[in-house]
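A short worksheet on the structure shown next.
The values are calculated or read from the model by the stated rules, or taken from the named source; none is laboratory data. Note that this is a predicted model, so its numbers are computed, not measured. Here the Cβ positions follow ideal geometry from the backbone for every residue, glycine too, while neighbour counts run over all protein chains shown. Keep in mind that these areas ignore ligands, DNA and RNA; they rest on the heavy atoms of the full protein, side chains included. Shrake-Rupley method; radii C 1.70, N 1.55, O 1.52, S 1.80 Å.
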Amino acid sequence: MPHLLFEPAQRLWLLSTPSTSYAVRLDADDNVRHVHWGGALTPAQAGELAERTPAAGSSFDAAGGAEELAVEGGARFGPPSLQVRFADGTRGVEWRYAGHDADDGHLRIHLDDRHYPLRVTLHYRVHDDSDVIERWTTVENRDEQLPITVQRCDSAAWTLPHRTGYRVSHLVGGWNSEFQLRRAEVVTAETVFTSRRGMTSHHANPWLALDDGTAGEEHGEVWSTALAWSGSWRITLHRDPAGRTTWTGGHGHEGLTWSLAPGETLTTPVFAGVFTTGGFGAAGRAWHAYVRRHVLPEPGEPRPVLYNSWEATGFDVDEAGQTALAARAARLGVELFVVDDGWFGGRVSDHAGLGDWTPNPDRFPRGLRPLSAEVHRLGMRFGLWVEPEMVNPDSDLYRAHPDWVLHMAHRDRTEMRHQLVLNLARPDTAAWAHDWLDRLVDEHDIDFLKWDANRPFTEAGWPGHADPDRLWIEHTRSVYQIMDRLRANHPGLRIEACAGGGGRADLGILARTDQVWTSDNTDPVDRIAIQHGFSQLFPAQVMGAWVTDSPNVATARETPLRFRFHVAMAGALGIGGDLTTWSEDELKEAAELVATYKRIRPAVQYGTAYRLTGDGALTAVGYAHEDQFVVLAWCPSRPYGHEPAPLRLTALDPDSSYRDQDTGTVHSGAVLLRSGLPLPLPEGDHASALVQLIRIED
Ligand code: DGJ
């Protein structure tokens, strides 16, 4: 079936993905209205649905059905997706259809204002191999002289079928507690999910999943959307008293304007959506597959086992200390050694030096090249921490360019972590950032950058600029451009996205990075919940997860090394402990566990993930890949000392047998599915198990 179909008689577009359909129609007033998002429909069925006139409104409530991008104007009272003001003060839009075109699964519906020179295009893109539909909007000022003020321009609005009992699943958190999954009834109100921080944020992630209250992990209808944007954003979920449920979202938070210059076009980020009948698990798997096939720059490359110095040394970074850590890391089988904060300028604490990106001469008298060479000699790749968007006021950079930071006349420059944000929307600041990064990578043979950003925007002004609010968008675009240029100039370079832990994890940053630093909280018990939330949208291969020291620096919790490894092995494994304090026994056990991870890495990093719920406090993840099914199970505590019941697996062939790679025990698929896998859990709290099952050819 073709991806895109247009029925001229009904002015109906039907988009098809492998197992879903999406339909919109043009009404008599040239408004593009939603018809269907859900299970597959034939053109005739979509046509039948399009013929249904939505319930007539009263004099207080206009009828007509939800719009794909609601504007202001006329009898519209819900949250607008597009708000513009023309130079003469007129607000709102009245549409005239201006045609459509399509190629390669990409549909463009063009709409003009009936009077003013405004062209809006609704973009839809579908793929052969994914049920994810990508949507975005472009707004063009076709005037030759006058600007148009854009007060809001969302990427898309999404609409659910009319039902009762909808729930919304979303991610909340903070520093050290990112990606907490919340599930709540959709209230009859406008509910705003947003970041006003200039970054995606730890506090809310631009991902939602809606279900009618009956979906579970492996069953039920789920509609899920995710915004591909790494700056401020806003999604407004609206359930009206008549039960209509829609949400509109895009970049920027409320109150920001963009002056669209004559001839200028504003393009929003992609707001992607997926529908599944397979519950939250299938929604997650659909996202994971989409991220691998259509977002990540290098999806097929195994993420290396990395070592990061942060928890071991903090800011106390020097050549001797890092060399000692590198030697131990190499013994463990680490493949990438990353030197974190503290290597440059006067950066001996978080008070000074940010912005002065040359090696600290006291700590690295010979520069960084000898360390980079030693790491490479040890057979590892060399990575370095950077924070290109930030500056300490106590730095040579700030003394030379105090005007380069976000600031406003007559306002304080609020410091957070003793730092300010550089305005990378400025071409000179962006050029400076690109140039030093490019040189740094070149001169030190750097294979990997951990790109951090440790504070949100405040006083986000741009004195002297006629349209200062645009920095909220241009800054993020500039970060993207610098990353894209660096990657183009250095094809071997890999980048980790970090913002004080997981403050910048989204589909936009993942289009130019390889993994995300999930959280500064490396406590394995807390991590189970963080990783559960993260996995709703992101695949395991991008989930940076370190094994650190016990007791944990954030929670003081003591846990066995094996438990810490088993939790971190569910993602892109890293080690972040102070290896100089690990005993020979611990180093030996760690080396064995790293080797085991490499054995299961294809399943974890390329496999299909199933979140498995066990008995009591037991949770687990299963990764199905080719003939393998790898289980990582965690049991932080054993209430009443009860032994957890066998863990029921999923996605196995009931007619096949599976051999446990470590014990040789053979299980029948049917038994694993129906009764479960008895887990080899050690006694006591913080117990964990790893089981690698291989399907046996009968
Ligand atoms: C925040 C990051 O999340 C940490 O891993 C570490 O890189 C520090 N910043 C360094 O300042």
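Could you grab me the full set of residues in segment 236-250 that are hydrophobic (A, V, I, L, M, F, W, C) and surrounded by fewer than 17 Cβ atoms within 10 Å (Cβ to Cβ)?
242
Looking at (1) in a loop (DSSP other than H, G, I, E, B); (2) in contact with an Asp or Glu (Cβ under 7 Å, 6 or more places away or on another chain); (3) of a type outside the set (Lys, Arg), which is the only condition residue 486 fails?
Against the list (1) in a loop (DSSP other than H, G, I, E, B); (2) in contact with an Asp or Glu (Cβ under 7 Å, 6 or more places away or on another chain); (3) of a type outside the set (Lys, Arg), residue 486 comes up short only on (1).
Kindly provide the set of residues from segment 490-505 that are away from the ligand (no atom under 16 Å from the Cβ) and open to solvent by less than 10 Å² (accessible area, probe 1.4 Å), ordered by number.
The one that is away from the ligand (no atom under 16 Å from the Cβ) and open to solvent by less than 10 Å² (accessible area, probe 1.4 Å): 493.
Open to solvent by 30 Å² or more (accessible area, probe 1.4 Å) and either outside any strand (DSSP E or B) or at pLDDT below 95 (or both): does that describe residue 191?
No: the conditions fail for residue 191.
Residues in segment 333-345 that are within 16 Å of the ligand (Cβ to nearest atom) and assigned to a loop (DSSP other than H, G, I, E, B): how many?
5
Can you confirm whether segment 548-561 contains a residue that is closer than 16 Å to residue 619 by Cα, open to solvent by less than 10 Å² (accessible area, probe 1.4 Å) and either more than 16 Å from the ligand (Cβ to nearest atom) or among the polar types (S, T, N, Q) (or both)?
no
Could you say which residue among 570, 651, 590 is within 30 Å of residue 313 (Cα to Cα) and part of a loop (DSSP other than H, G, I, E, B)?
Exactly one of 570, 651, 590 is within 30 Å of residue 313 (Cα to Cα) and part of a loop (DSSP other than H, G, I, E, B), namely 570.
Tally up the residues in segment 346-403 that are buried (at least 20 other Cβ atoms within 10 Å of the Cβ), among the β-branched types (Val, Ile, Thr) and within 16 Å of the ligand (Cβ to nearest atom), please.
The total comes to 2.
When you check residue 511 against the structure, is it within 14 Å of the ligand (Cβ to nearest atom) and either in contact with a His (Cβ under 6 Å, 6 or more places away or on another chain) or within 21 Å of residue 383 (Cα to Cα) (or both), yes or no?
Considered against the rule, which asks whether it is within 14 Å of the ligand (Cβ to nearest atom) and either in contact with a His (Cβ under 6 Å, 6 or more places away or on another chain) or within 21 Å of residue 383 (Cα to Cα) (or both), residue 511 comes out as no.
In segment 297-317, how many are under 22 Å from residue 487 (Cβ atoms) and either among the basic types (Lys, Arg) or open to solvent by 10 Å² or more (accessible area, probe 1.4 Å) (or both)?
8
In segment 404-421, which residues are of a type in the set (A, V, I, L, M) and crowded, with 21+ Cβ neighbours inside 10 Å?
405, 406, 420, 421
Only residues that are within 14 Å of the ligand (Cβ to nearest atom), part of a loop (DSSP other than H, G, I, E, B), open to solvent by less than 10 Å² (accessible area, probe 1.4 Å) and closer than 23 Å to residue 476 by Cα: list them for segment 514-547, please.
Within segment 514-547, 518, 519 qualify.
Filter segment 158-199 down to the residues that are within 17 Å of the chain's Cα centre (by Cα) and of a type in the set (A, V, I, L, M, F, W, C) and list them by number.
171, 172, 175, 179, 181, 193, 199 - these are the residues of segment 158-199 that are within 17 Å of the chain's Cα centre (by Cα) and of a type in the set (A, V, I, L, M, F, W, C).
As an exercise: evaluate residue 387 against (1) closer than 20 Å to residue 472 by Cβ; (2) free of Cβ contacts under 8 Å to residues at least 40 places away in the same chain; (3) charged (D, E, K, R) and give the number of the one condition it does not meet.
(2)
Would you be able to tell me the number of residues in segment 251-269 that are touching a strand residue (DSSP E or B) at 6+ places or on another chain (Cβ under 6 Å) and surrounded by 23 or more Cβ atoms within 10 Å (Cβ to Cβ)?
Total meeting the criteria: 5.
Please state which one of 320, 330, 324 is surrounded by fewer than 21 Cβ atoms within 10 Å (Cβ to Cβ), free of Cβ contacts under 8 Å to residues at least 12 places away in the same chain, away from the ligand (no atom under 16 Å from the Cβ) and part of a helix (DSSP H, G or I).
Checking each option against the conditions leaves just 320.
Return the residues of segment 451-477 that are within 16 Å of the ligand (Cβ to nearest atom) and in a loop (DSSP other than H, G, I, E, B); say none if nothing qualifies.
452, 453, 454, 455, 456
Please go through segment 587-616 and give me each residue that is surrounded by 17 or more Cβ atoms within 10 Å (Cβ to Cβ) and aliphatic (A, V, I, L, M), ordered by number.
Matches in segment 587-616: 590, 593, 594, 600, 603, 604, 609, 612.
Mind listing whichever residues of segment 69-109 are among the acidic types (Asp, Glu), surrounded by 14 or more Cβ atoms within 10 Å (Cβ to Cβ) and modelled with pLDDT of 95 or more?
Within segment 69-109, just 94 meets the criteria.
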